[in-house]
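Asks: Quick one: the structure is below, and I'll ask about it shortly.
The values are calculated or read from the model by the stated rules, or taken from the named source; none is laboratory data. As the structure is a computational prediction, the values presented were derived from the model and not from experiment. Note that each Cβ is placed from the backbone with ideal geometry, even for glycine, and that neighbours are counted across all protein chains shown.
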Amino acid sequence: MSVLPELIYATPHGGTIHKYQLSGGKRSFLRYLCCYLGTCKFCNNLEEATKYIEATGPA
């Protein structure tokens, strides 16, 4: 059974950052999925995800 993604941040304009635990081979990886208006990107850390959301959100 896989672990569900966890919402860790939501912007006032609808951007979100979810934390994902992904398995790959013999290891598991923690990744962050950031989305805004249907555009999503996996990031390696929370800082990278936050920068992406700030750059794609409204000015």
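Asks: List every residue pair whose Cβ atoms lie under 7 Å apart, where the two residues are 6 or more positions apart in sequence or sit on different chains, the first residue falls within the stretch 11-34 and is over 20 Å from TYR52 (Cα atoms) and aliphatic (A, V, I, L, M), and the second residue, located anywhere, is at pLDDT below 95 and part of a strand (DSSP E or B).
Replies: Taking only residues 6 or more apart or on different chains, the pairs are LEU22/SER28; LEU22/PHE29; LEU22/ARG31.
Asks: Looking only at residues that are over 14 Å from PRO5 (Cα atoms), touching a Ser or Thr at 6+ places or on another chain (Cβ under 9 Å) and not hydrophobic (A, V, I, L, M, F, W, C) in the stretch 22-57, which one is modelled with the lowest pLDDT?
Replies: Going through the qualifying residues, I end up with GLY57.
Asks: Still on this model: If we scan the stretch 32-50, do we find a residue that is of a type in the set (Ser, Thr, Tyr) and in contact with an Asp or Glu (Cβ under 9 Å, 6 or more places away or on another chain)? Show your work before the answer.
Replies: Applying the first criterion (of a type in the set (Ser, Thr, Tyr)) to the stretch 32-50 yields 32, 36, 39, 50.
This time we only want the ones that are in contact with an Asp or Glu (Cβ under 9 Å, 6 or more places away or on another chain), so: 32.
Yes; the residues of the stretch 32-50 include at least one that is of a type in the set (Ser, Thr, Tyr) and in contact with an Asp or Glu (Cβ under 9 Å, 6 or more places away or on another chain).
Asks: Let me ask another. Return a yes/no flag: does the stretch 22-38 have any residue that is closer than 13 Å to GLY57 by Cβ, among the polar types (S, T, N, Q) and more than 11 Å from the chain's Cα centre (by Cα).
Replies: To start, the set of residues in the stretch 22-38 that are closer than 13 Å to GLY57 by Cβ comprises 34-37.
Then drop every residue that is not among the polar types (S, T, N, Q), which leaves none.
Looking through the stretch 22-38, none of the residues is closer than 13 Å to GLY57 by Cβ, among the polar types (S, T, N, Q) and more than 11 Å from the chain's Cα centre (by Cα).
Asks: Out of the residues in the stretch 38-53 meeting the condition of being within 23 Å of SER28 (Cβ to Cβ) and either out of contact with any Phe, Trp or Tyr (no Cβ under 8 Å at 6 or more places or on another chain) or of a type in the set (Gly, Ala, Ser) (or both), tell me which one is surrounded by the fewest Cβ atoms within 10 Å (Cβ to Cβ). Walk me through it before giving the result.
Replies: Step one: of the stretch 38-53, the residues within 23 Å of SER28 (Cβ to Cβ) are 40-50, 52.
Applying the additional criterion that residues be either out of contact with any Phe, Trp or Tyr (no Cβ under 8 Å at 6 or more places or on another chain) or of a type in the set (Gly, Ala, Ser) (or both) yields 40, 47, 49, 52.
Details: CYS40: 12, GLU47: 10, ALA49: 25, TYR52: 21.
It comes out as GLU47.
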